[in-house]
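Any read-out appearing in this document is the output of simple, stated calculations on the displayed coordinates, not a laboratory observation. Just so it is clear, the structure is predicted and the values come from calculations on it, not from any experiment. Using ideal geometry, Cβ is built from the backbone for each residue, glycine included, and neighbour counts are taken over all protein chains shown.
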Protein chains: 2
Amino acid sequence: MKIDLSYGSGGKQTSSLINDIFLKHFDNPVLNRLEDAAVLDVQGRIAYTTDSFVVTPLFFKGGNIGKLAVCGTVNDLAMMGARPRYLTAGFILEAGADSQVLEQIAQTMRETADEAGVQIVAGDTKVVEGSGNIYINTSGVGEILKEGISIANCQEGDCILLSGNLGEHHAAIMSERMGIENNIASDCAPLFSLVEGLLEAGIDVHCMRDVTRGGLGTVLNEVADSSACQVEIRETSLPVSKEIQGFCSILGLDPLYMANEGKMIAVVPGEQAEQALAAMQRNPYGAYAQIIGRIEKGAGVRMITALGGSRAVDILYGEGLPRIC
Amino acid sequence: MKIDLSYGSGGKQTSSLINDIFLKHFDNPVLNRLEDAAVLDVQGRIAYTTDSFVVTPLFFKGGNIGKLAVCGTVNDLAMMGARPRYLTAGFILEAGADSQVLEQIAQTMRETADEAGVQIVAGDTKVVEGSGNIYINTSGVGEILKEGISIANCQEGDCILLSGNLGEHHAAIMSERMGIENNIASDCAPLFSLVEGLLEAGIDVHCMRDVTRGGLGTVLNEVADSSACQVEIRETSLPVSKEIQGFCSILGLDPLYMANEGKMIAVVPGEQAEQALAAMQRNPYGAYAQIIGRIEKGAGVRMITALGGSRAVDILYGEGLPRIC
């Protein structure tokens, strides 16, 4: 069935969309009440964030927009040392969107939410003119497990860990758009279990950040700016799969600026770096984790190249890949 | 300046948009940290909700999409007996959107947030192809002041109050679209002060609901369904201004199904109805409040007409007015 503007007017059609798709899949006691807002218990301080998702195409190897919409937000919560608890989901549908496609996306959101340990407790749907695009906003609330984790908290002597191979989400989306046949799947994944592993191992994590739009180069610059330090990474330590290396060399891409949706950095005290690495590698989402560099006095990001030289790493400049997430 | 796709890629342009527009206007210590998520203190149980806004045109008499985006979400929190505390804002911009327009909207959001007593603590921006449309999702967290307020909590003998005149937002948007000149302004407003007034007056509020998309007819049916009761309203008690009456009679509209953005119903014990009405009327947003009906045994919504007859009131069927909020 094609969704038209009448499904956004708050009457019978809106109600059928809510019942037949969202309540059917998201089904939980809080949402089912259909109150104006969910009423929830939380313990202690909360982390709170939002993200919108406009990826095209909606479906790709390794996931779809619904999986992204859940992972993106739970990962932002996890990066602050919080256990993700609750999500909201706001759908903006262009007229012509297919209700079966929407239902598949809702089903994936529920599966991903279950894996991530969160409940979708509130939602909203609007319909606009257009050509069938689907946009999703999620917001999330989590409970802080460890205080003081911050992008401004990196200190000289800290080590930087990266949880796995770079560039997979970016390459998967590009492959879909360009009709390139390969086995590259998006790395899209909920990362709280990685964070929990670090905290349970007693690591005094100083900073975490998921490596999404803008890529590792941009994230490391944000770290250097916020913590007023220099980030030094070694090119030879950057984990990149052979397939992505090949993909990049053919298309002239740099893994440093490619988007990921299931990768994070953790900045930890130098003396705990090996222990943190082991904790990451015990988790399937951290199997290819590496220590990629250190925090030094200074400013900006520098990379020791494979040939032993050193170069500045800037943030992404220009378009990147539009609608990558 | 026209915003293009490069502003959504997470690099330098995204960063300039964040600094020059959002941080400039939303400016507060939590947001300014630019962490992956805001870390916040909350007291007790929370209310949590989301809403997306796609209204067209973006500016109209009485407000703009930014004012709507703040009011819509704080009102949903207030309706659960919660004091709104924190908002997130997710922007989906179509390429071609004007940065000055976006800045005006951000400025209004800040002013409305200040009036409503909330902070915008997290945000996100995406850019898609298109023709300059601006869509905003907000989510909100509030602290529950009174437990047990619920759409399922209406009881026989309760009275239903409506906080003011019907149809103003709907008529204002229609007037803008059709180029009709009149003085009708949207009623868009943050309603927590009305709720606070009821609670401070010691009213044992059973249910509150803001009357938005779908209109009063739809909201009252939701109440009747959820509370398994009959709602009876009196046509002669429904507050409608002379200007809206005129507008409706010319265009064949029914105020019962017109959207509002600054109106609520409160369902209270019959013996407290007059006291609740007085509390509402003391607030400028409740100056035209009326007791419009009662909760009875039975099902559905009935209206005692001006002529003394009685008819069923159904929920909105069909398109209503697309993109009204």
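Some points to look at:
- In a simple Cβ point-charge model (Lys, Arg +1; Asp, Glu -1; nothing else charged), chain B has a dipole of about 200 debye relative to its Cα centre.
- Dipole magnitude for segment A:144-212: about 160 debye, using +1 per Lys or Arg Cβ and -1 per Asp or Glu Cβ, origin at the Cα centre.
- Ranked list, fewest to most other Cβ atoms within 10 Å of each Cβ, for A:Val74, B:Val211, A:Val240: A:Val240, B:Val211, A:Val74
- Relative contact order [Cα under 8 Å, 6+ residues apart], segment B:5-144, whole percent: 39 percent
- Calculated FRET efficiency for the pair B:Tyr317/A:Gln107, C-beta based, R₀ 30 Å, to 0.05: 0.55
- 3J(HN,Hα) couplings calculated from phi for segment B:289-304 with the Karplus curve 6.51 cos²θ - 1.76 cosθ + 1.60 (θ = phi - 60°) are, in sequence order, 4, 9, 7, 9, x, 9, 9, 10, 5, x, 8, x, 10, 10, 10, 7 Hz; Gly and Pro show x.
- For B:Lys24, the lysines whose Cα comes closer than 20 Å to its Cα, not counting residues fewer than 8 places off in the same chain, are B:Lys2, B:Lys12, B:Lys67, B:Lys126.
- Considering only GluC sites (Glu not before Pro) in DSSP loops that have at most 13 other Cβ atoms within 10 Å, the longest stretch of chain B without any of them is B:1-146.
- Exam field: A:Gln245 pseudo-label spacings to other copies (7 Å along Cα-Cβ), nanometres: 8.1
- With the charge dipole of segment A:213-325 set up from +1 on Lys and Arg Cβ and -1 on Asp and Glu Cβ about the Cα centre, the Cα lying farthest toward the positive end among the listed residues A:Asn283, A:Gly215, A:Ala273 is that of A:Asn283.
- Over segment B:5-144: Kirkwood hydrodynamic radius from C-alpha pairwise inverse distances, Å: 15.2 Å
- Listed values for segment A:306-315 are Karplus-derived 3J(HN,Hα) couplings in whole Hz (6.51 cos²θ - 1.76 cosθ + 1.60, θ = phi - 60°), namely 4, 8, x, x, 9, 9, 6, 10, 8, 7, and x replaces Gly and Pro.
- Label spacing, shortest first and in nm, from B:Val30 to its equivalents in the remaining copies (7 angstrom along Cα→Cβ): 1.7
- Between B:Ala228 and A:Asp41, the FRET efficiency from the beta-carbon distance, with R0 = 30 Å, is close to 0.65.
- The residue list A:Leu161, A:Cys188, A:Ser139 was ranked by how far each Cα lies along the charge dipole of segment A:95-198 toward its positive end, using unit charges on Cβ atoms, and A:Ser139 comes out on top.
- Rg [Å, one decimal], Dmax [Å, integer] - the protein assembly as shown, C-alpha atoms: 25.5, 91
- Sum of -39500 (n - 2.57) over DSSP H runs of 4+, divided by residues of chain A (222 nm, nearest 500): -8500 deg cm²/dmol
- Segment A:140-211-segment A:267-322 distance, computed between alpha-carbon centres (Å): 11 Å
- The three principal axes of the C-alpha atoms in segment B:159-312 carry coordinate ranges of 45, 35, 25 Å, sorted with the longest axis first.
- Eligible lysines near B:Lys242 by straight Cα distance, threshold 21 Å, same-chain separation 8 or greater: B:Lys61, B:Lys263
- Mean Cα-pair separation over length for segment B:157-276, i.e. relative contact order, pairs under 8 Å, 6 or more apart, %: 53 percent
- J(HN,Hα) series, segment A:207-212, from Karplus relation 6.51 cos²θ - 1.76 cosθ + 1.60, nearest Hz, glycine and proline x: 7, 9, 7, 7, 9, 10
- In terms of surrounding Cβ atoms within a 10 Å radius of their Cβ, B:Leu166, A:Leu199, B:Leu316 rank from fewest to most as A:Leu199, B:Leu316, B:Leu166.
- Each residue of chain B gets 132 Å³ once the volume of the Cα convex hull is shared out per residue.
- Here the spin labels are modelled as points 7 Å beyond Cα on the Cα-Cβ line, and at B:Ala201 and A:Glu200 they lie 5.4 nm apart.
- Against chain B, whose longest principal axis is taken from its Cα atoms, helix B:65-78 shows a tilt of about 50°.
- Given +1 at the Cβ of Lys and Arg, -1 at the Cβ of Asp and Glu and no other charges, the dipole of the protein assembly as shown around its Cα centre is 320 debye to the nearest 20.
- Cβ-defined net charge surrounding A:Asp187, 15 Å radius [Lys, Arg +1; Asp, Glu -1]: -2
- Positive-pole candidate from A:Pro29, A:Thr125, A:Gly300, dipole of chain A, charges at beta carbon: A:Gly300
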